[in-house]
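Asker: One structure follows; several queries about it will come next.
Derivation of every value follows stated rules applied to the coordinates shown; laboratory data play no part. Bear in mind the structure is a predicted one, so any value in this text is a computation, not a measurement. Cβ coordinates were reconstructed from backbone atoms using ideal geometry, including for glycine residues, and neighbour counts include every protein chain displayed.
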Amino acid sequence: MVKITALLPAYNEEISIGSMVIKTKKHVDEVIVIDDGSTDATAKIAEVAGAKVIKHESNLGKGAALKTGFEAVDGADVVVTIDADGQHSPSEIPKLITPIINGETDVVNGSRYINGGEKNTPTYRRVGQSVLDIATNINGRTNITDSQSGFRAFAAHTIPVFRFHQNGFGIESEMLTDASNAGLRIEEVSVSVEYHENSHKKNPLSHGVGVLVKVLQDMQFKRPIYYFTIPGLVLIVVGLAAGLVFFGQYLGDPNMGGPSGPGKSLATTVLAGLVTITGVFIAFTGIILDSMTQMIKENMMHMNK
């Protein structure tokens, strides 16, 4: 008998939490609500609806709530995470857990966009999510269409893989990156979404920028080639090209821009040279960090054997 546990991180979700718990219970064996410092009746309603409730004394963020939830999982074979605001339908849980139960994959990501754009998602929000998808896919070397989905399923053996370094909404990207880096099989299934007035309490711009910053910080250590070397190469090309033009002007070559004030041309030539040198430094920093990362990974693999 396969045991399914559902985790619902919740913060001030008294409007939707009751129905979400009741609907989720139809498809799982246990529902755990992590009340992340709510100031309303979220915890009380969740308990009445039949969920096990774990409370944070203060609002620590979604990542911290998920960490608490995963630590509380006991004896489950599959763990489902679903947002408590009602935007996802618990009736689609079987769709997420079936590939794991059949042994086809380790992690299932519920995607709102696997079949194209979601008509219920505002354009400005989808543009921001696309940027986060690209950054997450580069960092995790994945091909995910909805990196910010909160509707997922995990085989129980995957739990130790996740670091839970991100306390906030950056946890969605971090978990995908962790799963990919650990060599876990990740599959996406299409899920529906319905936005409500109580959804997205946080400003979408600040939320998106915050998540992107966290992904880029993670990329700094995991993908230094992308974070350092590529930008460094761009600076080298720009610096060399600008240096040739400005130096030609300094020499007074009509074919290179014509005569101009020697002082001005010399200064810009030196500036272009500094840009080139900076690019070389950044590029080599990326190469060195990438080599160190590979060495660390190889050592860890040998230690685990």
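Asker: Return the tail of the calculated pair distribution for the range 1-119, meaning the percent of Cα-Cα pairs more than 25 Å apart.
Answerer: 21
Asker: Please give the charge dipole size of the range 10-64, origin at the Cα centre, charges +1 on K and R Cβ atoms and -1 on D and E Cβ atoms. Round to the nearest 20 debye.
Answerer: Approximately 200 debye in magnitude.
Asker: How far apart, in nm, are two points set 7 Å out from the Cα along the Cα-to-Cβ line at Y195 and at E57?
Answerer: 3.7
Asker: OK, next. Using the Karplus curve 6.51 cos²θ - 1.76 cosθ + 1.60 with θ = phi - 60°, what ³J(HN,Hα) values do you get for each residue of the range 91-98, in whole Hz, with x for Gly and Pro?
Answerer: Ordered by residue, 3J(HN,Hα) equals 5, 8, 4, x, 5, 7, 7, 4 Hz.
Asker: Ranked highest first by average number of other Cβ atoms within 10 Å, how do 182-195, 144-157 line up?
Answerer: 144-157, 182-195
Asker: Of the peptides 90-99, 69-78, how do they stack up when ordered by the mean number of other Cβ atoms within 10 Å, highest first?
Answerer: 90-99, 69-78
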